[in-house]
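**Q** Let me give you the structure first, and then I'll get to my questions.
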Amino acid sequence: MAIQEQQSLYFTPMTLGHIPHVLHIERDAYPEPWTFNMLRKELENECSYFCLMYEDNMLAGYGGYWLILDEAHVTRVTVTPVRRGKGLSKMLMHHIMRRAENAGARCLRLEVRESNIAAIRLYETLGFLTEGRRIGYYQRSNENALVMSKEIKRYA
């Protein structure tokens, strides 16, 4: 990626004012989108880190995690439909992983729809391993979720 392209990508913590914009993307991206109150609770949760990703000053995606002891549970990784296929999900995951590591996480864990092959491949390229399956995890579709995790290796 060229230096000029890197400078046009930045991350900022989500605020209450961002929620309507995130909701619009949620409804397009997920069969079971989060609600306003669910997103608001992310702001109130002391264990939560939730950020927005901007490319060329346009909202390109968002994501976050909950830090519980030394484990970061990735809660969302979402890129707007018009910006998919450019490697932004990977950039967002790198940001989330760095933030989690700096906050003291020793491992990351997430659930992903079993049918979401693109996301599964992304997580695998980032070093995540499948450790289990949650049957019927997604209530509306009754779809299974894969549980994936990645150990964070620190070098002294």
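**Q** Along region 98-104, what does the Karplus equation 6.51 cos²θ - 1.76 cosθ + 1.60 (θ = phi - 60°) give for ³J(HN,Hα), rounded to whole Hz, x for Gly and Pro?
**A** Along region 98-104, the couplings run 4, 4, 5, 4, 5, 7, x Hz.
**Q** Mind checking the full-extension length gain between Ser8 and His95? Use 0.36 nm per residue of separation minus the Cα-Cα distance, one decimal, nm. Before the final figure, lay out the partial values.
**A** Values: separation 87, 0.36 × 87 = 31.32 nm, distance 1.48 nm.
Length gained, Ser8 through His95: 29.8 nm.
**Q** Grab the DSSP H runs of the chain that are 4 residues or longer, score each as -39,500 (n - 2.57), total them, divide by all residues and round the 222 nm result to the nearest 500 deg cm²/dmol.
**A** Working: 5 runs with 49 residues, N = 156.
One gets -9000 deg cm²/dmol as the mean residue ellipticity at 222 nm.
**Q** Determine, for Ser141, Ser48, the number of other Cβ atoms within 10 Å of each Cβ, and report the residues in order from fewest to most.
**A** In increasing order of surrounding Cβ atoms, one gets Ser141, Ser48.
**Q** Once label points are set 7 Å from the Cα along Cα→Cβ at both Thr125 and Asn102, what is their separation, rounded to one decimal in nm?
**A** Rounded to a tenth, the inter-label distance reads 2.4 nm.
**Q** Go through 119-125, 74-80, 101-107 and give me the packing order, highest mean Cβ count within 10 Å leading.
**A** Details: 119-125: 15.7, 74-80: 21.4, 101-107: 14.1.
Most protected by this proxy first, the peptides run 74-80, 119-125, 101-107.
**Q** Let me ask something else. What are the ³J(HN,Hα) values, in whole Hz, obtained from phi via the Karplus relation 6.51 cos²θ - 1.76 cosθ + 1.60 with θ = phi - 60°, for each residue of region 17-28 in sequence order, with x given for Gly and Pro?
**A** Listing the rounded values in order: x, 7, 4, x, 5, 5, 4, 4, 5, 3, 5, 7 Hz.
**Q** How long is the gain from Ser115 to Leu16 if the chain were fully straight, where each residue apart is worth 0.36 nm and the alpha carbon distance is subtracted?
**A** Fully extending the segment from Ser115 to Leu16 adds 32.5 nm.
**Q** Within straight cross-link reach of Lys86, meaning Cα distance under 29 Å, which lysines are found once same-chain residues fewer than 8 apart are removed?
**A** Lys86 reaches Lys150, Lys153.
**Q** Turning to a different aspect of this structure: Residue by residue through region 78-94, what is 3J(HN,Hα) from phi via Karplus (6.51 cos²θ - 1.76 cosθ + 1.60, θ = phi - 60°)? Round to whole Hz and write x for glycine and proline.
**A** Going residue by residue, I get 9, 10, 4, x, 6, 10, 6, x, 10, x, 6, 4, 5, 5, 5, 5, 4 Hz, with x marking Gly and Pro.
We did not get these values from a lab; they are worked out from the coordinates using the rules stated. Values in this document were obtained by computation on a predicted structure and should not be read as measured data. Glycine gets a Cβ as well: all are built from the backbone with ideal geometry, and neighbour counts include every protein chain shown.
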